[in-house]
Amino acid sequence: MIRALLSDDPPKSRLLAALLVLILAGLAAAPFVFPGAAALNTAAKICIFIVLVASYDILLGYTGIVSFAHTMFFGIGGYGVGLSLYFLGPGWPVVALGIVVALVIGVVLALAVGLVSLRVKAIFFAMITLAVASAFMILTTQLSEFTGGEDGRTFRVPELLRPTTRLFEEPFLGTAITGRVLAYYLVFLSAVALFLLALRLVNSCFGRVLQAIRENEMRAEALGYRVVYFRTMASCLSAALAVMAGAMSALWLRYTGPETTLSFAIMLDVLLMVVIGGTGTLYGAVIGATLFILAQNYLQKLMAMAAAATEGIPLLPRLLHPDRWLLLLGVLFVLSIYFFPTGIAGKLAGRGRGPAA
Amino acid sequence: MSAPALETRDLTIRFGGHVAVNAVSTAFRTGELTAIVGPNGAGKTTYFNLISGQLPATSGAILLDGEDITGLGPAARAQKGIGRAFQITSLFPNLTVHENVRLAVQARSRRAAHLWSLWSDHREWIARADRALEEVNLVHQRGTLAAALPHGDKRKLEVAIMMALEPRVFMFDEPTAGMSVDEVPVILDLIARLKARGDKTILLVEHKMDVVRSLADRIVVLLNGVLSADGDPATVTASAIVREAYLGQSPAASAGGGHG
């Protein structure tokens with residue numbers, strides 16, 4: 001049963017499996033175990049980014065394609081749901097409509113970019129995706145009548161997901177079951193389902209061909225696999241998953257804007273998460289997204305504590321000042337690349353699938 | 001013997017001013033094993049690359065069962081039944097030995113690109129991949145990453161991948177190059193068995209003349225990209241042009257030529 005759910009690709013080591021179970025349990029119980037809006041927000045962000053990073057890994061880690069347009073698809077999902085709710089009012093059919101429209105736009109765009117540029121060398125593809133993503137971002141911010149420009153759009157989600165909604169009169173296990181908790185579980189369950197779907201895709205007959213193309217494009221072609229077709233398909237599937245992540249993000253934040261969905265800062269974060277977690281293994285996406293977002297959200301607090309603890313020692317408190325958190329994050333990143341060149345999941349699995357970019 | 005399975009007509013490729021393969025016209029029949037010999041740089045591998053589609057022909061035509069396939073890419077040619085084992089080992093390094101072969105088995109199926117069906121569900125394909133590995137004595141390595149294999153085993157895997165593809169035209173490009181003496185018979189036996197089946201077209205680039213003599217029905221000699229001799233092994237090895245241009249260098253060539 002579990003084997004089937006995991007598409008016959010269980011974690012390759014016990015430690016990795018334990019880590020994943022811990023993350024799954026933590027996310028599943030987050031509303032009850034970690035009280036407070038900030039904690040729930042972090043947990044939801046982890047769920048969303050697991051899907052986004054996993055979808056990016058299908059491109060980078062499994063197929064060996066470097067794309068900088070991944071946040072564009074994330075944004076299309078976010079804007080698709082966001083603008084639908086903004087203009088048509090809250091309601092589940094509107095959410096569904098937004099998702100479908102976003103999926104169609106995302107896949108068609110991925111197909112167009114793929115057909116035009118996946119024949120050329122990898123570096124040109126990367127450049128083209130960068131150009132398309134920049135153009136899309138500029139277009140989105142310029143069409144402010146429609147998209148809300150730089151400010152984005154705040155909208156109302158279906159009644160069930162609103163903070164004021166109470167499912168039960170009494171708190172359950174000490175936590176009031178609000179619309180926020182329901183929204184969190186919608187995000188969480190979607191993330192689980194989409195992750196398992198991605199796992200299925202990479203472990204299908206199709207998925208192995210993607211790996212073959214990453215490993216040796218010429219050989220794959222000589223076996224009769226049309227490389228351009230497979231790359232384009234991978235690009236479309238990955239885009240569709242990113243669109244779904246964007247839709248989840250919009251439903252959770254009740255807001256869509258360029259900063260939260262389209263910016264290159266997010267693209268960089270996704271890249272870092274993929275590399276930290278390990279490319280070419282979807283479990284790496286779970287590890288990478290979780291560690292990175294936890295660090296982003298709690299490193300400053302941790303550093304404040306450390307700075308207080310080391311008071312009196314020269315220099316150390318100043319280095320550990322919360323304002324230096326980006327410095328520490330950078331150091332941690334360099335260290336993780338140094339000690340885990342195949343990513344944390346790659347290291348734990350002991351099967352050195354390096355990035356093929 | 002039957003009508004030609006594979007034919008090249010005035011097949012030519014030019015790299016700038018250099019004509020690597022120059023108007024080669026010949027035909028290969030089903031059931032026949034043709035050895036292609038010639039000194040290093042004679043254009044043997046380039047000729048192979050033209051046939052299997054890794055290089056586009058400057059002019060001339062390639063016909064498979066009478067059908068012009070000159071305009072097709074390597075993937076389409078593979079689907080039509082042209083199999084290739086490369087001289088410079090070309091594997092999927094970070095996939096297992098079994099996965100390498102299995103990808104070839106799968107490539108033959110219409111359902112090769114199935115998005116939903118699990119890789120591990122296709123028992124028959126898995127068994128067929130194992131049979132291909134048995135033929136080259138690699139079953140014990142099935143779980144090893146291709147990159148981790150010793151050189152000789154990599155060469156065997158290269159051959160196993162082509163066997164699993166079950167093409168109609170087998171193109172061996174120095175299959176035993178760099179193999180240790182005790183490994184070579186595995187590959188030669190396999191080629192002999194393949195030939196004995198009588199329903200395949202086999203092309204073999206080989207430097208070792210004893211191998212060529214024992215296996216080939218026919219020898220084609222390439223010199224500077226030009227087809228210089230073509231005939232049964234006895235006649236060709238006896239001809240003056242071959243003795244001068246090729247066999248004159250044979251001590252070096254057969255001692256270990258063609259390491260890539």
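The values are calculated or read from the model by the stated rules, or taken from the named source; none is laboratory data. The shown structure was predicted, so the numbers you read here are calculated from the model rather than taken from an experiment. Neighbour counts are summed over all protein chains in view; Cβ atoms, including those assigned to glycine, are modelled from backbone coordinates with ideal geometry. To get the accessible areas, we keep the full protein, side chains included, count just its heavy atoms, and leave off ligands, DNA and RNA. Shrake-Rupley method; radii C 1.70, N 1.55, O 1.52, S 1.80 Å.
Brief remarks on what is shown
- Taking Cα centre as origin and charging only the Cβ of basic (Lys, Arg, +1) and acidic (Asp, Glu, -1) residues, the dipole magnitude of the range A:2-349 rounds to 560 debye.
- Nearby lysines by direct alpha-carbon distance to A:K347 (threshold 23 angstrom, same-chain neighbours under 8 apart not counted): A:K12
- Here the dipole of the protein assembly as shown is about 560 debye; that uses its Cα centre as origin and unit charges on the Cβ of Lys and Arg (positive) and Asp and Glu (negative).
- Per residue, the accessible area of the range A:2-349 comes to 44 Å², computed with a 1.4 Å probe over protein heavy atoms only.
- In terms of its Cα atoms, the range A:2-349 spans 62, 54, 43 Å along the principal axes, sorted from long to short.
- Gyration tensor over the Cα atoms of the protein assembly as shown: the corresponding equivalent ellipsoid has semi-axes (square roots of 5 times the eigenvalues, largest first) of 57, 25, 22 Å.
- Mean separation of Cα contacts under 8 Å (6+ apart) over length of the range A:2-349, as relative contact order %: 29 percent
- Whole-Hz couplings from phi, Karplus 6.51/-1.76/1.60, listed for the range B:222-234; x for Gly and Pro: 9, 10, 6, x, 10, 6, 9, 7, 7, x, 6, x, 4
- Farthest toward positive dipole pole in the protein assembly as shown [+1 Lys/Arg, -1 Asp/Glu at C-beta], among A:A247, B:S90, A:L271: A:A247
- Candidate lysines for bridging to B:K156, where Cα separation is under 27 Å - those fewer than 8 sequence places away on the same chain excluded: B:K44, B:K80, B:K195, B:K200, B:K208
- Taking a sphere under 15 Å around the Cβ of A:M218 and counting the other residues whose Cβ falls inside, with K and R at +1 and D and E at -1, yields a net charge of +3.
- Dipole size of chain B about its Cα centre, with +1 on Lys/Arg Cβ and -1 on Asp/Glu Cβ: approximately 420 debye, rounded to the nearest 20.
- Heavy-atom accessible surface that A and B bury in contact, both chains counted, 1.4 Å, Å² to 100: 3000 Å²
- Within the protein assembly as shown, helix-based [θ] at 222 nm, where runs of 4 or more DSSP H residues each add -39,500 (n - 2.57), nearest 500: -17500 deg cm²/dmol
- Cα Rg, Dmax, chain B, angstrom units: 18.2, 61
- Taking 0.36 nm per residue of separation and subtracting the current Cα-Cα distance, fully stretching the chain between A:L130 and A:D8 would add 40.4 nm.
- Near B:T70, the amide H atoms lying under 5 Å from its own belong to B:I62; only residues 5 or more places off or on other chains count, and H is placed 1.01 Å from N.
- Accessible carbon and sulfur surface of the protein assembly as shown relative to its total accessible area, %, 1.4 Å: 64 percent
- For a paramagnetic label modelled on B:A196 (point 7 Å from Cα along Cα→Cβ), amide N atoms under 19 Å away belong, within the range B:30-65, to B:31-34.
- Between amide H atoms placed 1.01 Å from N, distances below 5 Å from B:R29 occur with B:A5, all of them 5 or more places distant or on a separate chain.
- Straight-line cross-link reach from A:K45 at under 13 Å between alpha-carbon atoms covers these aspartates and glutamates, not counting any fewer than eight positions away in the same chain: A:D269.
- Here the contact order of chain B, divided by its residue count and restricted to Cα pairs under 8 Å and six or more residues apart, works out to 27 percent.
- Shielding by partners, peptide B:79-87 (average Cβ within 10 angstrom, other chains): 2
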